[in-house]
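Trainee: One structure coming up, written as C-alpha cells, with questions to follow.
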Amino acid sequence: DACLIVELFFILSGFFLFKTFEKHKNNSVFQFGLSKLFRLWPVFAFSILCCFIMHIFGLIKFNSYANFLNLLLMQCNGISLTFKGINWYISSLFWALLFYFVLLKTFHKNIANFIIAIITYLGYVGLVHIGFGRDVVYNFISLGVLRGLAGIGFGYLLGLLIENLSNLNLDIKMPKTITFVLTSAIEIYCFIFLIQNFIFHKISYRNPMLFVFTFSILLILFVYKKGLLSKLFDNNLSVFLGKYSYSIYVMQQVAFYIMQKTLWKNENLVFNHLFTCLIISVIFSALVGIIVYHLVEKPSADMYKNWLKCSNNNTLNGGGRTL
C-alpha cells in the first residue's frame, strides 16, 4: 500500500524528536507547538488554497467544510469525517508530536521512555490487526492518530537504541572491506525491498511491520555510514533535496491535479510515451515544491525565527528592568 510511505515520515519525526528534545526541553508546550505549526501548517494551508482556487475555476471538486477542519489540523484525529488525500498525516503528526513532547516534559526520562515503549507496542499491535488505515474504528479509535503515536514512538525508541549502542563502545574488530561489503549488501537489499513496494508495488505482504522494520534497519545503517548507499547519500545534493522534501510532498497533489488537466489529459500521448510523461510529471512536481518552499515554507520559517528572537529579547529586557 503506497500510504505506508507515511509510516517512514512518522518514524523519522520520532527519531528527530529524540535527537532534539534535550535542546528544546526548556521550551514551553506552547513554544514547541508553535514551532511545529510554523513548520507544518503554511505549506499545507497553501496547498488547500490552491485547490480552492482550482475549484473556483471548475477544475476540481472541493469540500469547503471538510477543508476548513483540515486547516484546523483536525483531519484523521477522529474529529473530522474526512480521511482522504495524501496530506492526511499532517494533523496526526502534529498532535502526536505535541503529545510526546508533553509526555517527555512531564515525566522523568526513564518513565517517559517506558510509557512511549508501551504506547508504541500497543499502537502497532492494534494497527497490525485492524489495519494501517486512517479512518475511525469502533466509534472512537482514530487509526490516523494511532499510526502517528506508534510511528513517532518507534522512531524515538530507535534514537534511544542508537544512543545506547554508541555508549557501549563496542570494539568489534572486523576488516574494513568485509564491514563495507556486508553493510552495503544489507543497505541495498533494504532499499530495493522498500522501493519495490512503495514505487513499483511488486511486493505484497500481509504484515506491514516488515516495512517498518526494514526501514528501521536502513535508518540505523545510514546513521553509522559504513556502507555504499549511506556514503553515496551523504552529500550536498541529498541535503539540498531534503530541504525541499516537505514542500514537494505536500504540493504533489496540486501538481497532479494540474497534470491531469494538461499532460495526462492526452491519453494517447501518455500511452505512447509513458516513461517520458512520468519523468516530466516527477520534475514538474519537484519544481512546484521547490517554488513553494521559497514562496511559503522558508519565509514562514524565517518569520518564526524573527518572532522568537524578538520575544527572547523582550523577555531579557523585561528581566533587566525588574532586576
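The values are calculated or read from the model by the stated rules, or taken from the named source; none is laboratory data. Please read all numbers here as calculations on a predicted model, not as lab measurements. Cβ coordinates were reconstructed from backbone atoms using ideal geometry, including for glycine residues, and neighbour counts include every protein chain displayed. To get the accessible areas, we keep the full protein, side chains included, count just its heavy atoms, and leave off ligands, DNA and RNA. Shrake-Rupley method; radii C 1.70, N 1.55, O 1.52, S 1.80 Å.
Trainee: Could you give the length gained by full extension between S311 and K265, i.e. 0.36 nm per residue of separation minus their alpha carbon distance, to one decimal place?
Mentor: Gain in length upon complete extension: 11.5 nm.
Trainee: Still on this structure: Leaving out same-chain residues fewer than 8 places away, which lysines sit with a Cα under 21 Å from that of K36?
Mentor: The reachable lysines, counting only those whose Cα sits under 21 Å from K36, are K19, K23, K25, K105, K243, K298, K305, K309.
Trainee: Further question on the same structure: Take each of the peptides 235-244, 214-223, 187-196, average the number of other beta-carbon atoms within 10 Å over its residues, and list them starting from the highest.
Mentor: In descending order of packing, they fall as 214-223, 187-196, 235-244.
Trainee: Right, here's the next one. Considering only protein heavy atoms, what is the solvent-accessible area of K19 at a probe of 1.4 Å, reported in Å² to the nearest 10?
Mentor: My reading of the accessible area for K19 is about 120 Å².
Trainee: Need the C-alpha centroid separation for the stretch 65-121 versus the stretch 231-251, integer Å.
Mentor: With the stretch 65-121 and the stretch 231-251 each reduced to a Cα centre, they are spaced 25 Å.
Trainee: Amide H of I60: which non-local residues (sequence gap of 5 or more, or other chain) have their own amide H closer than 5 Å, using H built in the peptide plane?
Mentor: Correct list: H55.
Trainee: I've got another one for you. Relative to 2.2 N^0.38 Å, what does the C-alpha radius of gyration of the stretch 132-174 come to as a ratio? Two decimals please.
Mentor: Dividing the Cα radius of gyration by 2.2 N^0.38 Å gives 1.87.
Trainee: Starting from the Cα gyration tensor of the chain, multiply each eigenvalue by 5, take the square root, and state the resulting semi-axes largest first in whole Å.
Mentor: Taking √(5λ) for each Cα gyration eigenvalue gives 32, 29, 22 Å.
Trainee: For an R0 of 56 angstrom, estimate the FRET efficiency from the Cβ-Cβ distance between H108 and L72 and round to the nearest 0.05.
Mentor: In this case the efficiency is close to 0.95.
Trainee: Pull up all non-local amide H partners of I141: gap of 5 or more, or a different chain, and H-to-H distance under 5 Å with H placed in the peptide plane.
Mentor: Residues meeting the amide H criterion: none.
Trainee: Right, here's the next one. How large is ³J(HN,Hα), in whole Hz, for each residue of the stretch 284-296 in order, when computed from phi with the Karplus curve 6.51 cos²θ - 1.76 cosθ + 1.60 and θ = phi - 60°, using x for Gly and Pro?
Mentor: Once θ is set to phi - 60°, the couplings for the stretch 284-296 become 4, 4, 5, 5, 4, x, 5, 4, 5, 4, 6, 7, 10 Hz.
Trainee: Something else: May I ask you to evaluate 6.51 cos²θ - 1.76 cosθ + 1.60, the Karplus curve with θ = phi - 60°, for each residue of the stretch 39-51 and list the ³J(HN,Hα) values in order in whole Hz, giving x for glycine and proline?
Mentor: 6, 9, 6, x, 5, 4, 5, 5, 5, 5, 4, 4, 5
Trainee: With 10 Å bins from zero, work out the P(r) of the stretch 37-139 over every alpha carbon pair and list the percent per bin.
Mentor: Cα pair-distance distribution for the stretch 37-139, in percent: 13, 36, 30, 15, 5, 1.
Trainee: Sort 139-145, 88-94 by packing, meaning the average of other beta carbons within 10 Å per residue, with the highest value first.
Mentor: Per-residue Cβ counts within 10 Å, averaged per peptide and sorted highest first, yield 88-94, 139-145.
Trainee: Carbon and sulfur: what percent of the chain's accessible surface (1.4 Å probe)?
Mentor: The computed percentage sits at 68.
Trainee: Same structure again: With the crude spin-label approximation of a point 7 Å out along Cα→Cβ, what separation in nm comes out for K231 versus L122?
Mentor: 4.6 nm
Trainee: Taking the Cα centre of the chain as origin, work out the dipole magnitude from +1 charges on Lys and Arg Cβ and -1 charges on Asp and Glu Cβ, in debye rounded to 20.
Mentor: Using only the charged Cβ atoms, the result is roughly 480 debye.
Trainee: For the stretch 175-323, state the average projected area of the convex hull of the C-alpha atoms over all orientations, rounded to one decimal in nm².
Mentor: 15.7 nm²
Trainee: Cross-link partners among aspartates and glutamates for K226, C-alpha distance below 16 Å, same-chain residues fewer than 8 apart left out?
Mentor: Qualifying aspartates and glutamates at Cα under 16 Å: D171, E187, D234.
Trainee: Which percent of Cα pairs goes in each bin when the distances of the stretch 103-144 are cut into 5 angstrom slices starting at zero?
Mentor: With 5 Å bins starting at 0, P(r) equals 5, 22, 22, 17, 13, 15, 6.
Trainee: May I pose another question? What lysines could a cross-link reach from K261, if we take a straight Cα to Cα line under 16 Å and drop same-chain neighbours fewer than 8 places away?
Mentor: The qualifying lysines are K61.
Trainee: What whole-number value in Å² describes the accessible area per residue of the stretch 219-280 for a 1.4 Å probe?
Mentor: That works out to 67 Å² per residue.
Trainee: Any idea what the alpha-carbon Rg over 2.2 N^0.38 Å comes to for the stretch 219-299?
Mentor: 1.39
Trainee: Let me know the Kirkwood hydrodynamic radius for the stretch 1-55, please, with Cα pairs as the basis and the value in Å to one decimal.
Mentor: Answer for the stretch 1-55: a Kirkwood hydrodynamic radius of 13.5 Å.
Trainee: Per-residue HN-Hα couplings for the stretch 132-138, Karplus 6.51 cos²θ - 1.76 cosθ + 1.60 at θ = phi - 60°, whole Hz, x for Gly and Pro?
Mentor: 7, x, 9, 7, 9, 10, 6
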